[in-house]
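Report on one structure; see the data block that follows.
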Amino acid sequence: MAEHRRQLDIAVIGAGILGLATTEALVRLGVDVTCFDGRPPGRGLSGGLTRTFRHRHDSEQVVGLAVAGKEGFDRWAKRLGRRLIGDEGVVYAGMTPDHAAGMRAHGVEHRFADPAEHRSLFGPLAPVSGPLLVDPDGGAIRAKRTIDALAGWVGDRIVQADIHSVTVPPDGDGVEIQTTESIYRARHVVICAGTAAPRLGAGVGFDMPVRSALHARPHFRLRDGYRGEPLPCWVDITGEFGEKVYGSPIGSTGRYVLGLIGPDVDVPFDAAGALPPGSTMDEHVRRLQSYVRRALPGLDSEPVGIRVCVMTKLPAGSDAFRVWHTGGVTAIAGHNLFKLAPVLGELLAESAVDDVLPARLRLAGATALRAA
Ligand SMILES: Cc1cc2nc3c(=O)[nH]c(=O)nc-3n(C[C@H](O)[C@H](O)[C@H](O)COP(=O)(O)OP(=O)(O)OC[C@H]3O[C@@H](n4cnc5c(N)ncnc54)[C@H](O)[C@@H]3O)c2cc1C
């Protein structure tokens, strides 16, 4: 080996939820792994306090991954000695029995509740016209707690450095990655770099058609008088109250995050970070305030805080993901992957160790799974 470069067994690029889950799985396997990130863990797409864990997806295969994801979160929670997914459950409006086919196929507990039960299922909710699908084993992921736990477990495997590029050298001796500190050769590189994945993947010939967009997530305070009432995660695709939305409690703080669902709700930006001229996120917040006034009288419609987050989506849909693989390199991109991180981390670790895409990811790579 040339003197000036450093040899690694497996390199993971990115210390977001997927990179950390992959690194943690590799550490458990006793593999020599180094995880690179230019920022502290969890500052990219995985930032913030809460995410929804839901079982319901259009694709049966993704429901199966969600079941495995839940088992993984339960294992992590046991190891940590603290819960990582709350017992709030998920309530969905606008679903038919067809929408629950994947849950039935995988034996996931669920039921359709009478609309008259709205208040006993979701305290702040106004009367609704249709049945509500209840996913009692879903809930709010404690996102920051999960990131902190994983970062602690993998410890000094994380090296704070940005990777400039990934290439497969013609000498056939591993995969080269460059940082400001050194040139490395790794037996396998796993790219879990969020918004930067397409740029890094391009270095080894991956065409990753990821679109980045900004998304507003205001959070609202529970009104006095609604404290102690059920506060589940929420998915409303009816449009009955003027918008389609998702929502999630922030732990047990009495604050509730809402975001819009639909093709027009994210503001795209290009590789240089430029928004279309005249774009503004204000309008999205106003639309959510209007939704709160109509649908959620138990919340104060004045937001107490707003996060503007980046989303990375594939053309196959807002809930699609895909894995790319070539000799020595695996890369992943998609959206709504927090809940699947434990199982995706294990599968990406397997891909790195064997240098073969596991069957469950091969199918995903072929079809770009849709997950509702
Ligand atoms: C508003 C919003 C709501 C969401 N809601 C849900 C939900 O309810 N349920 C759910 O399951 N998922 C949800 N998601 C999606 C979920 O958060 C993401 O799919 C997940 O966090 C992606 O994790 P990641 O590890 O792939 O990416 P990231 O967290 O972005 O991690 C990538 C890391 O790579 C690092 N990096 C980038 N470039 C380089 C480089 N050149 N060198 C070294 N490091 C680099 C970055 O610093 C970053 O830390 C939501 C996302 C958003 C934004």
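Throughout, read-outs are computed from the coordinates displayed, never taken from laboratory work. Note that the structure is predicted; figures quoted are calculated from it, not measured. Backbone-built Cβ (ideal geometry, glycine too); neighbour counts: all protein chains shown.
What is the distance in Å between the Cα centres of region 294-325 and region 5-45?
One Cα centre to the other: 26 Å.
Along the charge dipole of the chain, Cβ charges K/R +1 and D/E -1, which of Gly328, Pro218, Gly123 sits furthest on the positive end?
Gly123
From largest to smallest, what semi-axes in whole angstrom does region 18-167 give when each is the square root of 5 times an eigenvalue of its alpha carbon gyration tensor? Don't skip to the end; give the middle numbers.
Working: eigenvalues 252, 53, 41 Å².
Three semi-axes, in Å: 35, 16, 14.
If you rank Trp234, Trp76, Trp153 by fewest surrounding Cβ atoms within 10 Å, what's the result?
Working: Trp234 26, Trp76 21, Trp153 16.
Listed from fewest to most nearby Cβ atoms, that is Trp153, Trp76, Trp234.
Arranged from highest to lowest average of other beta-carbon atoms within 10 Å per residue, in what order do the peptides 123-134, 345-356 appear? It would help to have the intermediate numbers written out before the result.
Working: 123-134: 18.2, 345-356: 21.1.
Answer by packing, highest mean first, reads 345-356, 123-134.
Using the Cα centre as the reference, give the magnitude of the dipole from point charges on the C-beta atoms of region 30-166 (Lys, Arg: +1; Asp, Glu: -1; all else neutral), rounded to the nearest 20 debye. Before the final figure, lay out each step's value.
Numbers: 18 positive and 17 negative charges, 93 e Å.
The dipole magnitude comes to about 440 debye.
Tell me the Kirkwood radius of the chain: reciprocal of the mean inverse pair distance over distinct alpha-carbon atoms, in Å.
Evaluated over the chain, this radius sits at 21.3 Å.
Obtain the nm distance between the two label points defined at Glu60 and Glu181 by a simple spin-label model: each point lies 7 Å from its Cα along the Cα-to-C-beta direction.
4.8
Quick one: which residues, 5+ away or cross-chain, put their amide H under 5 Å from the amide H of Val12? H built at 1.01 Å from N.
Here Thr34, Cys35, Phe36, Val190 satisfy the definition.
Using DSSP, restrict attention to beta bridges with both residues in the chain and report what percent are antiparallel, rounded to the nearest 5.
Working: 52 of 74 bridges.
Taking every DSSP beta bridge with both residues in the chain, the antiparallel ones total about 70 percent.
When a/c reaches 1.5 or more, the comparison of a/b and b/c decides; with that in mind, is region 116-191 rounded, prolate or oblate per its Cα gyration tensor? Provide the component values of the computation, followed by the final result.
Details: a/c = 4.53, a/b = 3.00, b/c = 1.51.
In terms of gyration-tensor shape, prolate.
For a footprinting-style exposure proxy, rank Thr312, Thr96, Thr22 by other Cβ within 10 Å, fewest first. Please list the in-between numbers first.
Numbers: Thr312 21, Thr96 11, Thr22 31.
Going from least to most buried by this count: Thr96, Thr312, Thr22.
Can you compute the helix-only [θ] at 222 nm over the chain? Use -39500 (n - 2.57) per DSSP H run of at least 4 residues, normalise by all residues, nearest 500 deg cm²/dmol.
Numbers: 9 runs with 97 residues, N = 372.
The per-residue figure over the chain is -8000 deg cm²/dmol.
Based on the mean of other Cβ atoms within 10 Å per residue, sort peptides 193-203, 162-172 so the most packed one is first.
Numbers: 193-203: 20.8, 162-172: 14.0.
Top to bottom by mean Cβ count within 10 Å: 193-203, 162-172.
I'd like the distance between the alpha-carbon centres of region 148-213 and region 333-356, rounded to an integer number of Å.
A separation of 15 Å, based on Cα centres.
For region 97-208, with only Lys/Arg (+1) and Asp/Glu (-1) charged at the beta-carbon, what is the dipole magnitude about the Cα centre, in debye rounded to 20? Numbers along the way, then the final one.
Values: 10 positive and 14 negative charges, 51 e Å.
My answer is approximately 240 debye.
For the chain, what is the charge dipole size about the Cα centre, in debye to the nearest 20, if Lys and Arg each add +1 at the Cβ and Asp and Glu each add -1 at the Cβ?
On the way: 42 positive and 42 negative charges, 153 e Å.
Computed charge dipole of the chain: roughly 740 debye.
Could you go through region 118-132 in sequence order and give the Karplus-derived ³J(HN,Hα) for each residue, using 6.51 cos²θ - 1.76 cosθ + 1.60 with θ = phi - 60°, rounded to whole Hz, and x for Gly and Pro?
3, 6, 7, 9, 8, x, x, 7, 6, x, 10, 9, x, x, 10
What ranking of Lys339, Lys244, Lys78 emerges when the number of other C-beta atoms within 10 Å of each C-beta is taken as an exposure proxy, fewest first?
Details: Lys339 26, Lys244 18, Lys78 11.
Least to most surrounded, the residues fall as Lys78, Lys244, Lys339.
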